[in-house]
Amino acid sequence: MDEPVEIGRRVQRLRGERGLTQRQLAEPSYTPAYVSTLESGKVRPSENALRFLAGRLDVSYEELATGRPPRLATELRLALTDAQRALATGSAAEAAPRYRELLAEAERLELVDERVEALLGLGDCALEAGELAEAAARFEAAESLWADEPLPRRARAIRGRAVAHLLAGELRYACYLLESTIDALNAGGLGDPEALVLLYAAVIGPYIDMGAHARAAHAAESALALAPEVGDPALVAGMHRQVARTFLAQGRIADADASLAKAQEAYRRLRWGTDLAHCHWMRGYVQAQHGELDAAERELRIAREMLRARRAVLFTAQVEVELADVLRRLGRPGEAAALVTDLLESGAGATAPGAVHAGGAHRLLGLIAQERGDVEAAEEHYVRALALLERSGAGGDLADVCRLLGDLLRREGRVEAALDAYRTGLGHRAAAPGTTTLGPAPAAPPFGPAVSAYTTPLPAPR
């Protein structure tokens with residue numbers, strides 16, 4: 001609501017344009033003296049008074065309170081759904097410039113919810129482009145604007161921030177953000193299904209990388225059980241967008257807003273593809289651990305195709321490493337080696353955000369080389385994997401590579417070098433299988449190479 005002086009001038013102008021006296025405007029609920037005081041800016045009108053006067057002046061409450069015609073806000077919301085469509089069905093490069101324009105317009109009109117939607121969109125665009133520091137900043141700004149909103153509404157911003165830290169190699173902090181939010185939602189009776197699907201799906205990645213396989217499996221099954229059934233979200237969203245345009249052209253602002261809300265919900269569900277792909281990936285991982293390799297290959301290929309369709313490069317790389325490991329175990333080492341070699345040559349994982357994926361790829365190439373008797377190549381790949389994993393904080397994976405390298409060196413008679421590898425592995429194997437290593441709430445890390453030590457196990461999974 002504007003300041004009383006501005007509202008008073010607006011009421012006086014609109015009353016004059018309609019040829020009404022103060023008495024005609026005031027009756028039957030208020031007095032001419034009250035209208036006079038209001039028009040002079042000496043009193044802040046209540047919401048009830050403004051709604052009454054807006055009805056008498058034939059304008060909306062929003063226009064009388066803020067000076068903004070309601071059509072402007074609705075047109076901005078319509079433009080936001082267009083940007084959502086571009087991101088959900090196209091590319092971040094196409095959507096980002098539109099989101100930036102809409103953010104500037106929402107700031108000019110002082111529309112908080114629309115600012116948040118634009119910031120969330122820009123955060124998603126930055127994630128897909130690998131601009132992790134920018135993504136985190138956008139999500140933090142959105143969360144700050146909605147600081148007083150219920151937790152389910154803030155879940156998208158929290159999830160985005162956590163994913164940015166995860167991809168930057170800050171596994172411990174990402175896991176803390178997601179777990180604490182899930183706990184708060186469940187403990188407070190705020191178990192909104194959409195919010196929980198987003199959070200459960202997002203926490204699978206850090207769980208896997210930190211060796212918390214039991215928790216990852218539980219999160220995947222929880223997400224899949226909660227995910228609502230939608231036939232064709234793109235079709236539903238497009239229909240509601242067109243209906244909203246029709247209503248807007250007819251001046252039916254409230255009806256247009258209702259259709260836009262449905263379109264936005266459909267586009268959010270359309271973007272669940274990335275999250276649900278994580279769940280298929282987790283199922284494949286669990287099946288692989290139980291020796292169900294054919295079923296694991298099917299699940300991982302589903303996850304890979306879903307992620308490739310979303311152009312989620314970093315996540316696709318992680319699934320491809322898992323798939324390659326399954327192919328090796330199925331007796332197809334050539335396919336496995338080709339898959340991870342392509343991944344490494346493409347550049348995915350060459351920097352900090354992909355260190356876990358690249359480390360896994362070199363571990364797998366080391367195993368393949370060892371199985372064909374090429375000890376020198378195996379050692380080279382294991383050493384490269386260690387260098388990458390030390391930067392990521394993935395203690396379980398690092399300990400496993402140390403064991404593989406130690407066994408290789410011991411068989412070659414290089415006992416002292418093998419002992420060094422084993423000692424390094426023991427120093428990183430602080431958590432038992434099926435647990436995470438979070439401990440107390442960590443401080444928010446800066447973006448950059450991850451340097452962390454994970455030493456305190458969490459209690460058993462809830």
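The values are calculated or read from the model by the stated rules, or taken from the named source; none is laboratory data. Quick caveat: nothing in here was measured; it's all calculated off a predicted structure. With ideal geometry, Cβ positions are generated from the backbone for all residues, glycine too; neighbour counts draw on all protein chains shown.
Before moving on, here are some points about what is shown:
- On the stretch given as region 168-195, residues that are surrounded by 19 or more Cβ atoms within 10 Å (Cβ to Cβ), more than 11 Å from LEU151 (Cβ to Cβ) and either touching a Gly at 6+ places or on another chain (Cβ under 8 Å) or not acidic (Asp, Glu) (or both) total 11.
- Qualifying residue in region 371-389 (condition: modelled with pLDDT of 90 or more and within 30 Å of ALA126 (Cβ to Cβ)): yes
- Scanning region 1-47 for residues that are aliphatic (A, V, I, L, M) and closer than 18 Å to TYR61 by Cα yields MET1, VAL5, ILE7, VAL11, LEU14, LEU25, ALA26, VAL35, LEU38, VAL43.
- Subset of region 319-347 (residues that are at pLDDT 90 or above, touching a helix residue (DSSP H, G or I) at 6+ places or on another chain (Cβ under 8 Å) and aliphatic (A, V, I, L, M)): LEU323, ALA324, VAL326, LEU327, LEU330, ALA336, ALA337, LEU339
- Scanning region 130-170 for residues that are among the aliphatic types (A, V, I, L, M) and not in a helix (DSSP H, G or I) yields ALA147, ALA168.
- Against the conditions (1) part of a loop (DSSP other than H, G, I, E, B); (2) more than 30 Å from ALA26 (Cα to Cα), ARG68 satisfies every one except (2).
- Looking at VAL43, VAL59, just one residue is hydrophobic (A, V, I, L, M, F, W, C), outside any helix (DSSP H, G or I), touching a Phe, Trp or Tyr at 6+ places or on another chain (Cβ under 9 Å) and surrounded by fewer than 20 Cβ atoms within 10 Å (Cβ to Cβ), and that residue is VAL43.
- One residue alone among ALA266, ALA256, ALA277 is at pLDDT below 80, out of contact with any His (no Cβ under 9 Å at 6 or more places or on another chain), assigned to a helix (DSSP H, G or I) and closer than 30 Å to ARG71 by Cβ, and that residue is ALA256.
- Residue count for region 300-329 satisfying the condition of being outside any helix (DSSP H, G or I) and either among the polar types (S, T, N, Q) or out of contact with any Asp or Glu (no Cβ under 7 Å at 6 or more places or on another chain) (or both): 1.
- The residues of region 151-160 that are surrounded by 23 or more Cβ atoms within 10 Å (Cβ to Cβ) and either in contact with an Asp or Glu (Cβ under 6 Å, 6 or more places away or on another chain) or among the small types (Gly, Ala, Ser) (or both), listed by number, are ALA155, ALA157, GLY160.
- From the options ALA141, ALA147, ALA135, ALA126, residue that is of a type outside the set (Asp, Glu) and surrounded by fewer than 17 Cβ atoms within 10 Å (Cβ to Cβ): ALA147
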